[in-house]
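Here is the structure we will look at, set down as structure tokens.
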Amino acid sequence: MNQLVNGHLEKTRKKLVKELASLSDAQFNSKADVNKWSIAQVCHHLVLVEKASLKAITWGLKGSNSNENERKNVPLVLLDRTKKIIAPKIVEPDEGPFEVEQVVNWLNDSREKLMNFLNTIEDKSILAEKSMKHPALGELPLDQWIEQIYLHEQRHIEQIKEIKLFLDAR
């Protein structure tokens, strides 16, 4: 994998885990509002998205070459939190409760599986040539599926910071 992408994946994940480090399990599972996700649920969602992305990349590599390899401005879409993106059912988190340590282990496990898989791809250029439909972004080249993992995580780190501020203000 491209060193820049690896660096972004690693840096973003470290930032996420740092945000979780000081939380008790009670804080981790607290909600700012009954209709909003807890930090635990946000993190469970991130695990589910990473697993689903790995499946999509795997399927995309097995599929025939797509003619639609138009590059999207993924950062513009994912980092703009003024636009709500509804999570597809498949990546909606469970209600919990969750333990911080348990979810950090899930995050580590899903990232390890992703990296191990990506390291098996001999010719990385194939990732830009094939695509799969993304629920929020439409047809997306597979290399941008990888990019959306850390950008999506960055989006949710900001959400976690907001939840923490709310919890601190209580």
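Among the numbered conditions (1) open to solvent by 80 Å² or more (accessible area, probe 1.4 Å); (2) within 17 Å of the chain's Cα centre (by Cα), tell me where LEU114 comes up short.
Answer for LEU114: the failing condition is (1).
Six or more apart or on different chains, Cβ atoms under 8 Å: show the pairs whose first residue is in the range 115-130 and in a loop (DSSP other than H, G, I, E, B) and whose second is exposed (fewer than 14 other Cβ atoms within 10 Å of the Cβ).
Close Cβ pairs satisfying both conditions: LYS124/ASN2; LYS130/GLY63; LYS130/ASN65.
Of these, GLY96, GLY7, GLY63, which one is at positive phi and open to solvent by less than 60 Å² (accessible area, probe 1.4 Å)?
Working: GLY7 fails: at positive phi; GLY63 fails: at positive phi.
None of the others qualify; the one that does is GLY96.
List the helices (runs of 4 or more DSSP H) that sit entirely inside the range 20-113 and contain at least 3 residues that are closer than 17 Å to ILE160 by Cα.
25-29, 39-62
In the range 158-170, what residues are in a helix (DSSP H, G or I) and more than 14 Å from PRO75 (Cβ to Cβ)? Talk me through it step by step, then tell me what you get.
First, the residues of the range 158-170 that are in a helix (DSSP H, G or I): 158-169.
The answer is GLN159, ILE160, LYS161, GLU162, ILE163, LYS164, LEU165, PHE166, LEU167, ASP168, ALA169.
Looking at the range 28-58, which of its residues are open to solvent by 70 Å² or more (accessible area, probe 1.4 Å) and modelled with pLDDT of 95 or more? Lay out the reasoning, then the answer.
Of the residues in the range 28-58, the ones open to solvent by 70 Å² or more (accessible area, probe 1.4 Å) are 34-36, 51, 55.
Within the range 28-58, LYS51, LYS55 meet the criteria.
The values are calculated or read from the model by the stated rules, or taken from the named source; none is laboratory data. Everything numeric here is computed off the predicted structure, so don't read it as measured data. Positions of Cβ are backbone-derived with ideal geometry, glycine not excepted, and every protein chain shown enters the neighbour counts. Just so you know, the surface numbers come from the protein's heavy atoms only, side chains and all, with ligands and any DNA or RNA stripped out. Shrake-Rupley method; radii C 1.70, N 1.55, O 1.52, S 1.80 Å.
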